[in-house]
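*Asks:* Take this structure, written in structure tokens, and hold onto it; I'll ask about it next.
The values are calculated or read from the model by the stated rules, or taken from the named source; none is laboratory data. All values derive from a computational prediction rather than experimental measurement. Positions of Cβ are backbone-derived with ideal geometry, glycine not excepted, and every protein chain shown enters the neighbour counts. Note: areas computed on protein heavy atoms with side chains; ligands, DNA, RNA excluded. Shrake-Rupley method; radii C 1.70, N 1.55, O 1.52, S 1.80 Å.
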Amino acid sequence: MTGHEVDMERTFAALPPAHGRGFAQTWWGQAWLKALEETALDSGQLKAGRRLARAGAVGAVSVRPGRITAVVQGRDRTAHRADVLLEELTDEQWDHFLDMAVERAGHVAALLDREMPPHLVEDAAATGIELLPGMGDLEPECGCGAWDHCGHTAALCYQMARLLDQDPFVLLLMRGRGEHGLLDDLQDRSAAPVDTPSERPATPEPEGVDAAEAYATGEILPPLPALPELPAEPGLPASLDTETPPAPGVDPGALEFLAARTAAEAHRVLAGILLADGWEGHVGETELTLGQDAVRLAVGSPAGGVAERLADGSGRGSEELEIAVRAWRLGGVAALSVLDEEWTVEGETLARARAALEAAWDGDERPPLRAKGNRWTVVGARRQVRLGRDGRWWPYRRERSRWVPAAGPAQDPATALASADVATAEEEG
């Protein structure tokens, strides 16, 4: 794939919530929103779109000729793919635009400074080229089934206005030309090379600061800013359902699933850091095996082929993977080890286990138990406790022909067995 082909599709990470600020600060961003507001028939949907965009419900935005795409999460937490279409300029229109831009070098310089001066748009319009959209030019398509602009496509448009503020080349990409290809075309048409950012004179480096002096004045410096607020939910990954075919061997569904799981894991880790509430992640400091990592990923409820691939990667069948996922949800790697590993309890560990079993029940309340390795099964019942290597007791119950984890661990076997009874009663009731 050439550099120009890559240049024809850009993906922008999801922007943070826009609390307390407008969506468009530049005149061309405001013109974009005016086109949306003149096109949409339902002002209520525009208000819904503003609320979603302000709440950070718009995922990563993919921009390519004629189309922008993002996954937008509605107020009911349902995610929909939203697209907004804008007609591309014809080759003839681009030729006129390039000729006009070459004659007025200030236009190119302004674009390189991420500005879109009004006279650039006016000069283009004089040659029959409308760069900015007008009423009816922004055509919506949404997975929610709405035929007009809905809250999802409106939210995408409001988020797009923020991107346009930062870089007007995004609009030109929607009209059909990427930044690098456009600059190359301008350079080919001009007598002198186009002044690209890499060719501009280097800005002189600021003078350094003496380290000892900076350290001595540290006490009078302002405090560090407060930590950012924890987002309510993980961000939404970019939609890979585009018209560009994937490279050989690339599974878009698997990539989208991995991106969603990565976002969820990052949110979980960030929550532990910001909340500082004694958080302990399921994943310990040791690196997971391939089988363990496949189970961890399967907790995200993948669909179809991804679930089958994870079952193969975990070394388990579909039913075994479902049981392993249940164990992981109850205690991560430790619970998975208790599910998979049967080991011989001996020495001091065995003495402590026997003492715990003797002390757990009063008098003759202790049920008859049959021991095998680290597993004690209630005779004549579908209950079992397993001793983990960390000294905790894990309750299990018999389902059909398999032992499955019933609840989280306890410090004594009686509590563990009781939790297995509760879980069984809840399921049967």
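*Asks:* Please determine, in degrees from 0 to 90 and to the nearest 10, the orientation of helix 413-428 with respect to the longest principal axis defined by the Cα atoms of the chain, where the helix direction is its Cα long axis.
*Replies:* The angle comes out near 60 degrees.
*Asks:* Classify region 345-403: rounded, prolate or oblate, from the alpha-carbon gyration tensor (a ≥ b ≥ c, eigenvalue square roots; a/c under 1.5 rounded; otherwise prolate if a/b is larger than b/c)?
*Replies:* Numbers: a/c = 2.13, a/b = 1.25, b/c = 1.70.
Since a/c reaches 1.5 but b/c is at least a/b, the shape of region 345-403 is classed as oblate.
*Asks:* Related question: Take the alpha carbon gyration tensor of region 331-429, find the square roots of its eigenvalues, order them as a ≥ b ≥ c, and report rounded if a/c is under 1.5; if not, report prolate when a/b exceeds b/c, else oblate. Intermediate results must be reported in sequence, preceding the final value.
*Replies:* Details: a/c = 1.61, a/b = 1.16, b/c = 1.39.
Oblate, because a/c is 1.5 or more while a/b does not exceed b/c.
*Asks:* Tally Lys/Arg at +1 and Asp/Glu at -1 over every other residue whose Cβ is under 9 Å from the Cβ of Tyr158; what's the total? Let's see the in-between values first.
*Replies:* Details: positive: Arg50, Arg54, Arg162; negative: none.
My count for the surroundings of Tyr158 gives +3.
*Asks:* Continuing with the same structure: Does the chain come out rounded, prolate or oblate by the C-alpha gyration tensor, with a ≥ b ≥ c the root eigenvalues, rounded set by a/c under 1.5 and, if not, prolate when a/b is larger than b/c and oblate if not? Kindly include the intermediate steps, with their values, before the conclusion.
*Replies:* Numbers: a/c = 2.83, a/b = 2.22, b/c = 1.27.
Note, shape of the chain comes out prolate.
*Asks:* Return the equivalent ellipsoid semi-axes of region 1-158 as a descending list in whole Å, where each equals the square root of 5 times an eigenvalue of the C-alpha gyration tensor. Show your work: numbers first, answer last.
*Replies:* Numbers: eigenvalues 172, 57, 50 Å².
For region 1-158, the semi-axes come out at 29, 17, 16 Å.
*Asks:* Excluding Gln292 itself, calculate the net charge of residues whose Cβ lies under 13 Å from the Cβ of Gln292, where each Lys or Arg counts +1 and each Asp or Glu counts -1.
*Replies:* On the way: positive: Arg296, Arg316; negative: Glu287, Asp293, Asp340, Glu341.
Spelling it out: positives minus negatives among the neighbours equals -2.
*Asks:* Counting only heavy atoms of protein chains, what accessible area per residue, in Å², does the chain have with a probe of 1.4 Å?
*Replies:* Numbers: 23750 Å² over 429 residues.
That works out to 55 Å² per residue.
*Asks:* Are there chymotrypsin sites (Phe, Trp or Tyr not before Pro) in region 100-175 that DSSP puts in a loop and that have at most 16 other Cβ atoms within 10 Å, and which ones? Kindly include the intermediate steps, with their values, before the conclusion.
*Replies:* Numbers: sites: Trp147, Tyr158, Phe169; in loops: Trp147.
Those that pass, being in a loop and sparsely packed, are Trp147.
*Asks:* Could you please state, rounded to a whole Å, how far the C-alpha centre of region 6-71 is from the C-alpha centre of region 221-258?
*Replies:* Centre-to-centre (Cα) distance: 17 Å.
*Asks:* Further, regarding this structure: Run the accessible area of the chain with a 1.4 Å probe and give the carbon-and-sulfur part as a rounded percent.
*Replies:* Values: 12510 of 23750 Å².
Of the solvent-accessible surface of the chain, carbon and sulfur hold 53 percent.
*Asks:* If I build a Gaussian network model for the chain, linking alpha-carbon pairs within less than 10 angstrom, which residue out of Gly128, Gly151, Gly181 has the largest mean-square fluctuation?
*Replies:* Checking each option, the largest mean-square fluctuation is seen for Gly128.
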